[in-house]
Each structure stands twice: as C-alpha cells, then as structure tokens.
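Beneath this line is the structure, given in structure tokens, with notes to follow.
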Amino acid sequence: MRWQDMERSQNVEDRRGRSLGRIPVGGKPGILVLLVVLVAGYYGVDLTGLLGGGVSQAPTSLQQRAPQASGDDSLAEFTKVVLKQTEDLWQHFFRGLGRNYEPPRLVLYSGTTETACGYGQAAMGPFYCPADRKLYIDLSFYNDMQSKLGGGGDFALGYVVAHEVGHHVQNLVGTAEQVRNLQARLDQRGANQVSVLMELQADCYAGVWGHSVARSGRLEGGDLEEALRTATAIGDDRLQRRSQGRVVPDSFTHGTSEQRYSWFKRGFDTGNPAQCNTFDSLR
C-alpha cells in the first residue's frame, strides 16, 4: 500500500513510553490475580463463571494475543494515515445520513494504559472503548501478528485499525447499545453468538475501508491477500486450536476464520456499509 505521502490524522494521543506497569491492588496476590482475570473478562476473554453472564460497556478488541515488545515510528505514522482515511470515509457516509461523523481519538500506548473502560493491556490487542470513544493500540501487536499469527503487511495492519473504527461506528449509530441490551437477556452462549455478529460487522466495515483504498489507486500487488490472510489467522477456531489444541464453538466471540474472511471480503467487494448487516440471521 502506497501511503507515505498521505495526510495523517490529528486525532492521536501518543502515550508510548508511559506504561503503568503493574496495576496496584493493595498488595494481596489473590486480589491481584482476581483483578487481572476480571479485566481480561472485560476484554472478551470467556470467563463466564466469574462474570455471571453480566454485560458491561467493555472495550471491543480485534482479538486476544500477547504481542512482542516495541513498535516504531513508521508504524505510528502509517496508523495515523489509516485513521485519516477512515475519517474521510465515514464522514462521507454519515453526511449521506444527514449526520456529522464524530471521529474517535486514537491512543498509542506501551504495555498498559488507563481507559474509561478500565486498564488496557497490550496482551489484549487493539481495542475500542465505547465509554470514552477512543481506540487503543500498542504497536508491538503488529509484530506479533506478523511473527506469530501468520498475518501482517501494511494493508493488513490497516484492516486492524479500520476494524476498531468499525466498532466506533457501531457505537455512534446505536448498534453497540442494542447489542448490549440483547446480550443482557441471553445466556452466555447466546451473548457470545451476538458478539460474533458484532465483530463480523466490524470486519465488513473494515472491508469497506479497503474498498475505498482500492478505488484511490493506493493498493499494491498482494495487499488484499495480506488482509484476507490476517482475517483468517485471527479466527476464533484457529486461535483456539493453536492455544488449547481444540475448538469450542460456544465460546466464540469474534467468528471463525472463514466468517472473518468472508465478511471482510464482502465489505471490500461492495464498498457499501449497508451490505454489512450481519444481524439479519437474528430475524
């Protein structure tokens, strides 16, 4: 993807180098472990027994994998370019709805950071916090995506950012609130299934961003394949098989490799957010 000469977003807060380190919890190891587990639950890790089926306004993350340390300035600059592209894309779409698009603020951080949804940690991957309408990214995630998950490439990194912006769009148009209300009435299995639909819609929205990049003539050979390979790499089934040697469909929260591939591709092929209604299956 040719991006070096493109405009950068100004909606960026750089907290890199200001990691919070260990989260203070009063010095008791048992409480520390419990708090870490609860925070992990907020980020989408399946902890049914501890959360008791409750639904909170939690960060919505692309996936949960432990990243390697350190990002670099070129990744930060690329991320700013992608954010600006999403701002232009969604401003155009919202204008067609007679509304003004309010872009999210991007926070670049290292290790851990404070958010309105609790403490963010690099191990959770990029995430969106609906409470403060900010995207949080530890750039070291990109290295992990390339070295451990079989994804990577600049267009694939753009998919990561555009996916999280997709969650911001869901928050603005009311989808996120409707999902939370629905999940509150479901058991854990049902709540997980609705979460999958929400994540797949964000994948489709990311594909819409990809379509806009293609139309601008900025794509290079192999870019689309990079994004599709990454979508496949972060499917719940593949990640579960990799981490625990077996697949538990009822615990999926983001969708299978095939689903993530298909919905990103739908957004890319159509360039139309109206084609991203993953919730049709609930009717």
- Note on the structure: Here the qualifying pairs (Cβ atoms under 7 Å; residues six or more apart or on different chains; first in the stretch 251-272 and farther than 19 Å from Val194 by Cβ; second of a type in the set (Lys, Arg)) come out as Ser257/Arg238
- Task: Could you tell me which of the residues Glu177, Glu164 is charged (D, E, K, R) and touching a residue at least 60 places away in the same chain (Cβ under 8 Å)?
- Result: Glu164
- Per the filter on the stretch 180-198, residues touching a residue at least 12 places away in the same chain (Cβ under 8 Å), under 21 Å from Asp132 (Cα atoms) and surrounded by fewer than 14 Cβ atoms within 10 Å (Cβ to Cβ) are none
- Can you pull out the residues in the stretch 79-104 that are farther than 13 Å from Val12 by Cβ and assigned to a helix (DSSP H, G or I)? Gln85, Asp88, Leu89, Trp90, Gln91, His92, Phe93, Phe94, Arg95, Gly96
- Task: State all residues of the stretch 204-237 that are among the small types (Gly, Ala, Ser) and either modelled with pLDDT of 80 or more or in a helix (DSSP H, G or I) (or both); if no residue qualifies, say none.
- Result: Ala206, Gly207, Gly210, Ser212, Ala214, Ser216, Gly217, Gly221, Ala227, Ala231, Ala233
- Query: Which one is surrounded by the fewest Cβ atoms within 10 Å (Cβ to Cβ), of the residues in the stretch 81-103 that are within 15 Å of Glu7 (Cβ to Cβ) and among the acidic types (Asp, Glu)?
  - Reply: Asp88
- Condition test on Gln201, is it touching a residue at least 12 places away in the same chain (Cβ under 8 Å), in a helix (DSSP H, G or I) and in contact with a Leu (Cβ under 6 Å, 6 or more places away or on another chain)? no
- Criterion: surrounded by 23 or more Cβ atoms within 10 Å (Cβ to Cβ) and under 15 Å from Pro273 (Cα atoms) - qualifying residue of Gly174, Gly207: Gly207
- Item | Selection from the stretch 207-236 of residues that are within 15 Å of the chain's Cα centre (by Cα) and among the polar types (S, T, N, Q) | Thr230, Thr232
- Query: Among Ala123, Ala116, which is the only one that is in contact with a Lys or Arg (Cβ under 8 Å, 6 or more places away or on another chain), free of Cβ contacts under 8 Å to residues at least 24 places away in the same chain, more than 16 Å from Ala162 (Cβ to Cβ) and not basic (Lys, Arg)?
  - Reply: Ala116
- Message: Looking at the stretch 273-283 only, could you name the residues that are free of Cβ contacts under 8 Å to residues at least 12 places away in the same chain and either surrounded by 15 or more Cβ atoms within 10 Å (Cβ to Cβ) or more than 14 Å from Gln201 (Cα to Cα) (or both)?
- Response: Arg283
- Do you know which of the residues in the stretch 105-143 that are assigned to a loop (DSSP other than H, G, I, E, B) and hydroxyl-bearing (Ser, Thr, Tyr) is surrounded by the fewest Cβ atoms within 10 Å (Cβ to Cβ)? Ser110
- Note on the structure: Every listed condition ((1) buried (at least 24 other Cβ atoms within 10 Å of the Cβ); (2) of a type outside the set (Phe, Trp, Tyr); (3) farther than 21 Å from Gln4 by Cα) holds for Ala227 save (3)
- Here are some conditions: (1) at pLDDT 95 or above; (2) surrounded by fewer than 22 Cβ atoms within 10 Å (Cβ to Cβ); (3) not hydroxyl-bearing (Ser, Thr, Tyr). Gly152 meets all but one. Which one does it not meet? (1)
- Query: Hey, among the residues in the stretch 242-257 that are exposed (fewer than 13 other Cβ atoms within 10 Å of the Cβ) and not in a loop (DSSP other than H, G, I, E, B), which one's farthest from the chain's Cα centre (by Cα)?
  - Reply: Gln244
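The values are calculated or read from the model by the stated rules, or taken from the named source; none is laboratory data. Not measured: the values here are computed from a predicted model. So basically every Cβ, Gly included, is an ideal-geometry build from the backbone, and we count neighbours across all protein chains shown.
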